[in-house]
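Let me begin by presenting the structure, written as structure tokens, before commenting on it.
We did not get these values from a lab; they are worked out from the coordinates using the rules stated. Everything numeric in this text was worked out from a predicted model, so none of it was measured. Cβ atoms come from the backbone with ideal geometry, glycine included; neighbour counts cover every protein chain shown.
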Amino acid sequence: MALLEVKDLRTSFKTEDGVVKAVDGVSFSVEKGQTLGIVGESGCGKSVTCLTIMGLNAKRNTVSSGEALWKGKNLLTAKQRELREIRGDEMSMIFQDPMTSLNPVHSIGKQLVEAVQLHRDVTSRVARARALELLKAVGIPKAEARIDDYPHQFSGGMRQRVMIAMALINDPDLLIADEPTTALDVTTQAQILSLMKRLQQDFGSAIIFITHDLGVIAETADDVLVMYAAKVVEQANVSDLFNRPQHPYTWGLMGSLPRLEADMERLVQIPGQPPSLLRPPRGCRFHPRCPYVMNICRETEPELESTQHDPAHLQRCHLDEETKEREARKLLEATLAEAG
Amino acid sequence: MATTDVATRSEEFTPAGDELLVVQDVKKYFPITRGIIFQKAIGSVKAVDGVSFGIKQGETLGIVGESGCGKSTLARCIVRLLDSTDGSITFEGRDITKLSRMQMRPIRREMTMIFQDPYASLNPRKRVGFIIGEPLEVHKLGTPAEVKTRVQELLEVVGLNPEHYNRFPHEFSGGQRQRIGVARALAVNPKLIVCDEPVSALDVSVQAQILNLLKDLQDDFGLTYVFIAHDLNVVRHISDRVLVMYLGKIAEVADRDTLYREPKHPYTGALLSAVPIANPELGRQREPIVLEGDVPSPVNPPSGCRFHPRCPRFVEGHCDVEDPPLYPFGAGHVAACHYPLERWPMKADEMRRASGSSREPTPA
Amino acid sequence: MFRYLVRRILWALLLFLIITFVTFVIFFMAPQDPARAQCGGDQASRACLELATEKLGLDKPIYIQYKNFLKTLVVDHSLGYSYATRASLNEAIMEDARVTASLVIGGAVLWMLIALSVGVYSALRPRSLVDRAAMVFVLVGVSAHPVWIGLIFSYFFGVKWGITPIANYANFFGAPPDSGLPGGPWQWFYHMILPWATFAILFAALYVRMIRANVMETLNEDFVRTARAKGAPERRVLFSHVLRNAMLPVVTMLGMDIGVALGGAIFTESVYQLPGLGREAVGAIAAQDLATLQAIVVFSTIAILFFNLVVDVLYAWIDPRIRLS
């Protein structure tokens, strides 16, 4: 049984302008110890998917349906109390902005101890020892001296380490990381990514890694979901996705990326803007921006289907297999032009 | 300055003479005040501390560095949104640091700026036509009818619908707003545009649109860019020459291909090695040179070389004592390092060994 | 932290000097002769006038007068003597301050109880029935004048239903013997019910609105989401993470409002005939008793500065970013 199995997850928000379907029929599963990457641009629904699984959307204006089976139990219908017991214990989350994700009025020690004591019936002394252990594990220098410091006394990179320590403190089975390095500088990002890799080996947690950065995805994920306008448009294991991308949106993303390892005189650009989720386009949601658009794309929405070469590689596009293979090869040649 | 034998100090930078803009030993210190009732200066944040370079007409100079390295402050000093503390900025042969507001006016037509945040840099209560046309009116370039025609022309040039003349900024998406920012910068036909992180707030696909637009405009109008960014991929894509800053100083300058293929400064090396590669096979072979700790405070910068506390090649008694000058490596390539990299790529422990560093290897 | 406190205290002292000097100048520049007032107005004898002028130091330049005034205040701890009654102002002001403090502190407790419960509840359930009702209350509370509220309350609670007294003050520690006045803690409380309610309504309304806005804003902070992601129950999220952050600006306002109100809750005191500072000030103006007015200004300045200092300390205690800077 998969650790987490998400089936046809849908989340919509009621707003003043109407109903926004932020996640519209997303399915995937995460196995023990695996890293699933979710990639897409802002507003594609990647964060909302994870907040829905965690039960962290505002209750008032949100409606969710579908299933998120955590070790067989549906989180969407679970009671608040059951969810609370899972959150922060079996399943935890780190967020994009380390500057605002820690409470400014409590010391980091207190916040870490709270995380332990919410789930373990242990004395403060034991919880504090555990907190210290984790601060050392995430590489906070002089952890003994710094445990009583407040968040504002740490740099952004150090705060993200504290967040990671807090997320791992109860040995979770799944860690959801929502753009954990986006707000950080590139050398700090390298520190955090290598820390996460090492900790995953030590703790054996599965990770859902949400990011807009294809480079980060390529280096961290085992499997990847590409999301566009609240739907999954492509899903594959990481080397298949990067070597044989099958969806025009994925091509666009890869082609629009300036790269260190390749010279591209002109970037491939995806024209236009992502659509409004209040009134998504008919047919394929990508058709207004797609250079390969056909008549059928404007009318009928493609299903998420297996490709011929690999049943586990899913894509949502009407184009024929041959064109896809050709375009994928072209893209690969362009981006590998000067590699090495 | 290309091939002198003697180490060239940054303040001894000698321009070739055909540059559009020459920045010479520019410093920007922000005073730190302290006091119970009366404030007195007790120190200063050395945001920019002696930076010199030149840009030729039609060239793009990329300035790259991490947050707090002083790149944005430098940008603001160049267009005189900030007055530099020391040094000179020569635009078309004229030092603009000493000019009065009135004397600056005609020069503001020659150099404009594009900002990072397309949400914050446009006045939400003004119509797009007014925002783009304002610089024209300020400089009295045309009758209202002419301004309107020009604005519509500009909207078309940056890929927006000229009929959206009367809309407000909030009616546009992030990418479109950045196009408005570009149109505003273009309105007065400048020679130089200083772009301060123009694509950092945008999604990848939209980022590509803006980068392509900037390149096209450069070809069409012969523009010169100072392009500031923290993303090394983006800087590599758009720049002819790249300047790496660390804690207010130049770490390395070289033309683009040289800098990315044969970096000499260990900091440049660390930056390059830290960039994730969007290719699973290549990316996973990558062994980033993980720097220890954080960027130190620019209030009390480290002694000697500012990078020494984090540098894998640190040699005690030298790097922490003597501030390295910009050593020349040929063809305008300079790097401020006593122990420049012998080759590239290099792994962290190779880097250490090659210089006989006194630093013990530490895990991430 | 130490530097911060020292800075705050020095600022308070400086402000005190400036404020007292300005009031001093204004009062003693006024086209009125304190000596004449002291000698019985228009019929004052020349001798009396000369004596009084010299005694009050009115023949000296203003900065000397100010220096003397400060000296009396600091060295003798004296606010001076009333022109009208020649009584020591220390006692009179202390007497009045007790009444005003009863009103203000009790009122503050009441308005914070109302504002916290209603404000937090509204923030947790925006657009609910309670929230909408609270908004109506805010509108009424902010627009209604305390005198009007006081009259309505007196009429219904006091006159019509006879539940509460409608005027006068009862000393908490017991009335002077044989005075025939009510006294003791219960009578004190009984007499203060309506004044407290009247006084608290305006502030309760303002604070409901402020607390609601602050709590709603804090609920959207990232660290609140972090707390929920840790598995913290809502009650804990609210008390440990939201309220402490949301109360920071409220504490500031509370300190300032209490300080200002101690200078005289004139309207409420007038409606319920409470012998507090506000009423004393009104009386002193009518009697052209500048010395008393000056004493009240000095007293309320000290109160405001003191409560601001308390706020600064509290603020530093709540917010480590200030404490550790």
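The shape of region A:101-146 comes out oblate: with a ≥ b ≥ c from the C-alpha gyration tensor, a/c is at least 1.5 while a/b does not beat b/c. Annotation: amide H of C:N171 within the under-5 Å range of C:G184, sequence separation 5 or more or interchain, hydrogens built in the peptide plane. Dividing the convex hull volume of the alpha-carbon atoms in region B:279-364 by its residue count gives 138 Å³ per residue.
Regarding region B:220-364, what's the average projected area of the Cα-atom convex hull, expressed in nm²? Write out the running numbers ahead of the final one.
On the way: hull surface 40.4 nm².
Seen from a random direction, the Cα hull of region B:220-364 projects 10.1 nm² on average.
Coordinate range of the alpha-carbon atoms in region C:198-325 per principal axis, descending: 66, 34, 16 Å.
Please report Rg over Rh for region C:73-170, where both radii come from the alpha carbon positions and Rh follows the Kirkwood definition. So for region C:73-170, dividing Rg by the Kirkwood Rh gives 1.16. Simple spin-label estimate for B:D18 and C:F239 gives 7.6 nm between the two label positions (7 Å along the Cα-to-Cβ direction from each Cα).
Sequence-ordered 3J(HN,Hα) estimates for region B:268-279 from the Karplus curve with 6.51, -1.76 and 1.60 and θ = phi - 60° stand at 4, x, 4, 4, 4, 6, 8, 6, x, 9, 7, 7 Hz, glycine and proline given as x.
Label region B:92-233 by shape, choosing from rounded, prolate and oblate, from the square roots a ≥ b ≥ c of the eigenvalues of the Cα gyration tensor; if a/c is under 1.5 it is rounded, and otherwise prolate applies when a/b is larger than b/c, oblate when it is not. Display every interim value, and only then the final one.
On the way: a/c = 1.65, a/b = 1.10, b/c = 1.50.
Because a/c hits 1.5 or more and a/b fails to exceed b/c, region B:92-233 counts as oblate.
Using equal-weight Cα scatterers in the Debye expression, the normalised intensity of region B:173-281 in log10 at q = 0.10, 0.18, 0.22 Å⁻¹ is -0.33, -0.98, -1.27.
Taking the charge dipole of the protein assembly as shown about its Cα centre, with +1 at Lys and Arg Cβ atoms and -1 at Asp and Glu Cβ atoms, the residue from B:F91, A:L36, B:V147 reaching farthest to the positive side is B:V147.
Applying the Karplus relation 6.51 cos²θ - 1.76 cosθ + 1.60 with θ = phi - 60° to region C:152-157 yields 3J(HN,Hα) values of 4, 4, 4, 4, 6, 6 Hz, where x marks Gly and Pro. For the set B:K28/B:K126; A:K136/C:K230; B:K98/B:K191; B:K46/B:K71, the pairs lying more than 22 angstrom apart at their alpha carbons are B:K28/B:K126. Taking every alpha-carbon pair in region C:271-325 and binning the separations at 10 Å intervals from zero gives 22, 30, 21, 16, 10, 0 percent.
On a per residue basis, the convex hull of the C-alpha atoms belonging to chain C measures out at 182 Å³. Which listed residue (A:L184, C:T301, A:M294) has the Cα farthest towards the positive end of the charge dipole for the protein assembly as shown, taking +1 on Lys and Arg C-beta and -1 on Asp and Glu C-beta about the Cα centre? The listed residue farthest towards the positive side: C:T301. In order along region A:262-275, the phi-based Karplus estimate (6.51 cos²θ - 1.76 cosθ + 1.60, θ = phi - 60°) of 3J(HN,Hα) comes to 9, 8, 10, 4, 10, 7, 5, 10, 7, x, x, 10, x, x Hz; Gly and Pro are listed as x. Near the amide H of B:G43, within less than 5 Å, lie the amide hydrogens of B:I32, all on another chain or at least 5 residues away, with H placed in the peptide plane. Projected onto planes of every orientation and averaged, the convex hull of the alpha-carbon atoms in region C:225-273 covers 5.0 nm². Remark on A:C44: its backbone amide H falls under 5 Å from none of the residues 5 or more positions apart or on other chains, H modelled at 1.01 Å from N.
What is the Cα radius of gyration of region A:1-127 over 2.2 N^0.38 Å, N being its residue count? Numbers along the way, then the final one.
Details: Rg = 16.4 Å, N = 127, 2.2 N^0.38 = 13.9 Å.
For region A:1-127, the normalised Cα radius of gyration comes out at 1.18.
Can you list the residues of region C:108-127 with backbone N under 15 Å from a point 7 Å past the Cα of C:M135, pointing along Cα to Cβ? It comes to C:119, C:122-127, nothing else. Taking the inverse of the mean reciprocal distance over all distinct Cα pairs, the Kirkwood hydrodynamic radius of region B:116-157 comes to 10.9 Å. For the peptide A:180-192, the mean number of other protein chain Cβ atoms found within 10 angstrom of a residue's Cβ is 6.
At most 13 other C-beta atoms within 10 Å and a DSSP loop state: those are the exposed GluC sites (Glu not before Pro) I care about. Give me the longest piece of chain A that has none.
Values: sites that count: A:E16, A:E265, A:E303, A:E338.
The longest such stretch corresponds to A:17-264.
At an R0 of 60 angstrom, the distance between the Cβ atoms of C:V75 and B:D86 translates into a FRET efficiency of 0.65.
Once both labels are positioned 7 Å from their Cα atoms along Cα-to-Cβ, the gap between C:I26 and B:H170 label points is 4.2 nm.
Shown here are the Rg and Dmax of the Cα trace of region A:190-340, at 16.4, 52 Å. Shown is the FRET efficiency for B:E342 and B:N189, computed with R0 = 51 Å from the Cβ-Cβ distance and rounded to the nearest 0.05: 0.65.
Determine the dipole magnitude for the protein assembly as shown: charges of +1 sit on the beta-carbon of Lys and Arg, -1 on that of Asp and Glu, nothing else is charged, the reference point is the Cα centre, and the result goes in debye to the nearest 20. Intermediate results must be reported in sequence, preceding the final value.
Working: 110 positive and 113 negative charges, 495 e Å.
Dipole of the protein assembly as shown, to the nearest 20 debye: 2380 debye.
Going by C-beta contacts inside 10 Å, put C:M253, A:M254, B:M104 in order with the fewest on the left. Kindly include the intermediate steps, with their values, before the conclusion.
On the way: C:M253 15, A:M254 23, B:M104 12.
The most exposed by this proxy come first: B:M104, C:M253, A:M254.
How would you classify chain A from its alpha-carbon gyration tensor, with a ≥ b ≥ c the square roots of the eigenvalues: rounded for a/c under 1.5, else prolate if a/b is greater than b/c, otherwise oblate? In terms of gyration-tensor shape, prolate. Between the Cα long axis of helix B:128-138 and the first principal axis of chain B there is an angle of about 90°, rounded to the nearest 10. Think of chain C as a dipole: +1 on every Lys or Arg Cβ, -1 on every Asp or Glu Cβ, centred on the Cα centre; then among C:V237, C:Y83, C:V282, C:V237 lies furthest on the positive end.
Given the rule -39500 (n - 2.57) for each run of at least 4 DSSP H residues, summed and divided by the residues of the protein assembly as shown, what is its mean residue ellipticity at 222 nm, to the nearest 500 deg cm²/dmol?
Numbers: 37 runs with 453 residues, N = 1029.
Result for the protein assembly as shown, helices only: -13500 deg cm²/dmol.
Taking every Cα-Cα distance in region A:246-326 and sorting them into 5 Å bins from zero, the calculated P(r) comes out as 3, 14, 21, 23, 19, 13, 7, 2 percent. Across peptide A:264-270, the average count of Cβ atoms from other chains found within 10 Å of a residue's Cβ is 6.
In a simple Cβ point-charge model (Lys, Arg +1; Asp, Glu -1; nothing else charged), chain A has a dipole of about 1160 debye relative to its Cα centre.
Work out the P(r) tail for chain B: percent of alpha carbon pairs separated by more than 32 Å, whole number. Could the numbers behind the result be given before it?
Values: 24306 of 66066 pairs.
Of all Cα-Cα distances in chain B, 37 percent exceed 32 Å.
Of C:L194, C:L129, C:L79, the residue with the greatest mean-square motion in the GNM of chain C, using alpha carbon springs below 10 Å, is C:L129.
Excluding A:Q96 itself, calculate the net charge of residues whose Cβ lies under 9 Å from the Cβ of A:Q96, where each Lys or Arg counts +1 and each Asp or Glu counts -1. The partial results should precede the final answer.
On the way: positive: none; negative: A:D97, A:D178, A:E179, C:D222.
Surrounding charge for A:Q96 is -4.
Note on region A:157-272: Rg/Rh from Cα positions, Kirkwood definition for Rh, rounded to two decimals, is 1.00. With a cut-off of 17 Å on the backbone N, no residue of region B:157-173 is near the modelled label site 7 Å out from B:T143 along Cα-Cβ. One compactness figure for region B:13-85 is 1.35, namely its Cα radius of gyration divided by 2.2 N^0.38 Å. Give me log10 I(q)/I(0) at q = 0.22, 0.25 Å⁻¹ for region A:283-340, Debye formula, one equal scatterer per alpha-carbon, no solvent. Per q value, in the given order, log10 I(q)/I(0) is -0.95, -1.06. Exposure proxy shown here: for A:K21, B:K126, B:K46, A:K59, the number of other Cβ atoms within 10 Å sets the order, fewest to most, as A:K59, B:K126, A:K21, B:K46. Once you divide the Cα radius of gyration of the protein assembly as shown by 2.2 N^0.38 Å, the number left is 1.15.
Per the Kirkwood treatment, what hydrodynamic radius in Å, one decimal, follows for region C:242-302 from the mean inverse distance over all distinct Cα pairs?
That comes to 13.0 Å for region C:242-302.
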